[in-house]
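Only one structure is covered here, and it is reproduced in the block below.
Coordinate-derived values only; no laboratory data. Note that the structure is a prediction, hence the values are computed from the model and not measured. Cβ atoms come from the backbone with ideal geometry, glycine included; neighbour counts cover every protein chain shown.
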Amino acid sequence: MSDDVFIGRSEELATLSSLLTKKSASLIVIRGRRRIGKSRLIEEFAKGKHFLTFTGIAPTEKTTDASQKEVFAQQLGKQIGLQGIASDDWASLFSLLHQQTRRGRVIILFDEISWMGSHDPLFLGKLKNAWDLEFKKNPNLIMVLCGSVSTWIEKNIISSTAFFGRISLFLHLDELPLYACHEFLRSRGFRRSTYEEFKILSVTGGVPWYLEQVQGGQSADDVIKKLCFSKTGVLFNEFDTIFHDLFEKRSTIYRPLVNALANGPMSFEDICDACGYPKSGTLSEYLNDLLQSGFISRDYTWWPKSGKSSQLSHYRLSDNYLRFYLKYVIPNRDKIQRGLFVSRSLATLPGWSTVMGLQFENLVLKNRAKIWNKLGIRAEDIVTDNPYFQKKTSSKKGCQIDYLIQTRFNTLFACEIKFSRNPLSSAVIDEMKEKLAALQLPKRFSCWPVLIHVNGINDGVQDSGYFAEIIDFNAMCE
């Protein structure tokens, strides 16, 4: 988020603020995708307070533990007005930091901590000792450990016995909700239609730093071309940056996985076949890394009769930027570098409607609480909800529902999430009827069809009365 405006994250700020009433020091862990606004959230929380921030440097072949300590020492010296600090040992650096933060309300941020400590196996042990012996003695101190490499944080901090019982709060930052994205775009001077907003969000998702790049006075197509289809666009090389920073030398392992998922949800077996990987725990580990990093999601189907989850699941590329890049930017890199996309209409890109449909589903699924509200469903009444699929067998047809909600009242809400460049015709009714006819519905269950659209419907859809509820994307942005 930009320096002059902070939008959203009210729940997270309230949670952080509750720690101010504690009578003991707090250790916080925050993780989330790169560019999601982790450090910006802490900066907002720390306004008006004594705030010290330290950031690890991105890994390269030349990055060493010595260079990480040197940068830390420089950052410390600049903030406390003491130059020439020795940087030979983490324990000494932490002790000096403690001397400057012994009293009063103070917030310390260790940003990209996985980079900071990646070259010293004793880094976390020394930090843990410094917390136990020094930092926690100030009851008004809040220390935040923050990072984008969620797998490293999970393994080395959250699941580590060294930090057991010491962490006061875990926060996982996801993308901004639609209403905050709408407000964000308005703050950037973008005041076009909801459909135009959707086109931007189909590329950026709810990632604050991406939304910051939007300039008012331009159409959505102009914004996307400037960000993605120009060799100087900030999203033109973003993929390589985030994958290298997060996964370093292993980044090439993850590329085939996200490439496969860019075409739509897939089972574990389908991913193995598409990527030529053996069915092993190693592949499961790679997929879990992508899950932890916030780039993919895993959707389990379930048995409606019992409401219990099945072992069957689909993996889904849930990061809109990644899919857009993989489908449209990387295949056209040479043309983009030669300026051949300056006047091209985005709608002429191959498979545009299909890709936009997948992007639209991601946005809706990340804002499912809005659907509950529109349908009058209380969260406590939901047994389970997810994209739903039913495998074809000799006794039943295959079936896939974009989003299915099951309540404790034996009621199912089957949501059809539909993108179209033109108002939807009555054909969407026939499509939904076919899906529900294949759905194996338990006895004494009712199922209500719901339509969620982004660019209008024709009179025939509205007048048919078939859908129990028709939800306009515009209403989800309110």
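Helix 281-292 and the long axis of the chain differ in direction by around 80°, with both axes built from C-alpha atoms.
Estimated from the Cβ-Cβ distance and a Förster radius of 25 angstrom, the FRET efficiency linking Asp221 and Ser426 is about 0.25.
Dipole of the chain computed with +1 at Lys/Arg Cβ and -1 at Asp/Glu Cβ about the Cα centre; of Ala86, Ile157, Gln337, farthest Cα towards the positive end is Ile157.
Annotation: amide H-H contacts under 5 Å for Glu416 (H modelled 1.01 Å from N, sequence separation of 5 or more, or interchain): Val450, Leu451, Ile452.
Per-residue Karplus couplings for segment 468-478, computed as 6.51 cos²θ - 1.76 cosθ + 1.60 with θ equal to phi - 60°, are listed in order as 5, 8, 10, 10, 7, 3, 4, 5, 6, 8, 6 Hz, Gly and Pro entered as x. Axis of helix 178-187 versus longest Cα principal axis of the chain: the two differ by about 70°, to the nearest ten degrees. What you get for the chain, charging only the Cβ of Lys and Arg (+1) and of Asp and Glu (-1), is a dipole of about 540 debye around the Cα centre.
Could the peptides 125-136, 6-17 be put in order, highest first, of the mean number of other beta-carbon atoms found within 10 Å of their residues?
Working: 125-136: 17.6, 6-17: 15.7.
My ranking of the peptides, most packed first, is 125-136, 6-17.
Panel order for Arg191, Arg34, by other beta carbons found within 10 Å of each beta carbon, from fewest to most: Arg191, Arg34.
Residue-wise HN-Hα couplings along segment 159-171, as the Karplus relation 6.51 cos²θ - 1.76 cosθ + 1.60 with θ = phi - 60° gives them from phi, are 9, 7, 5, 4, 9, 4, x, 9, 8, 7, 7, 10, 10 Hz; Gly and Pro carry x.
Which value, in debye to the nearest 20, gives the size of the charge dipole of segment 176-366 about its Cα centre, when Lys and Arg are +1 and Asp and Glu are -1 at the Cβ? Intermediate values should be presented prior to the final figure.
Working: 23 positive and 19 negative charges, 77 e Å.
With only Lys, Arg, Asp and Glu charged at Cβ, the dipole is about 380 debye.
Taking amide H as placed 1.01 Å from N in the peptide plane, Trp302 has its amide H under 5 Å from the amide H of Ser310, Phe389, each at least 5 places away in sequence or on another chain.
Values (i) 28.4, 112; (ii) 22.6, 72; (iii) 24.5, 76 are given for comparison; Rg and Dmax of the Cα atoms in Å, derived from the coordinates here, is the one labelled (iii).
From the square roots a ≥ b ≥ c of the eigenvalues of the alpha-carbon gyration tensor of segment 10-173, which class results: rounded (a/c under 1.5), prolate (a/b over b/c), or oblate?
Values: a/c = 1.40, a/b = 1.16, b/c = 1.21.
Because its axes are fairly even, with a/c under 1.5, segment 10-173 counts as rounded.
Around Gln406, what is the net charge, scoring Lys/Arg as +1 and Asp/Glu as -1 over all other residues with Cβ under 12 Å from its Cβ? Before the final figure, lay out the partial values.
Working: positive: Lys305, Lys308, Arg408; negative: Asp381, Asp385.
It works out to a net charge of +1.
Computed from phi, the 3J(HN,Hα) profile of segment 7-13 under the Karplus parametrisation 6.51, -1.76, 1.60 (θ = phi - 60°) reads 10, x, 6, 5, 5, 5, 5 Hz, with x in place of Gly and Pro.
Simple spin-label estimate for Trp352 and Ser284 gives 4.3 nm between the two label positions (7 Å along the Cα-to-Cβ direction from each Cα). For Gly206, the residues 5 or more places off, or on other chains, whose built amide H falls under 5 Å of its own are Leu176.
Ranking Cys275, Gly264, Ile296 by Cα position along the charge dipole of segment 176-366, where only Lys, Arg, Asp and Glu carry charges on their C-beta atoms, puts Gly264 farthest toward the positive end.
Kirkwood-based Rg over Rh for segment 142-290 (C-alpha set), two decimals?
Details: Rg = 18.9 Å, Rh = 18.3 Å.
Radius of gyration over Kirkwood radius for segment 142-290 works out to 1.03.
Expressed as a whole percent, the proportion of Cα-Cα pairs in segment 367-476 lying more than 20 Å apart is 41%.
What angle, in degrees between 0 and 90 and rounded to the nearest 10, separates the Cα long axis of helix 238-247 from the longest principal axis of the Cα atoms of the chain? The angle comes out at about 60 degrees.
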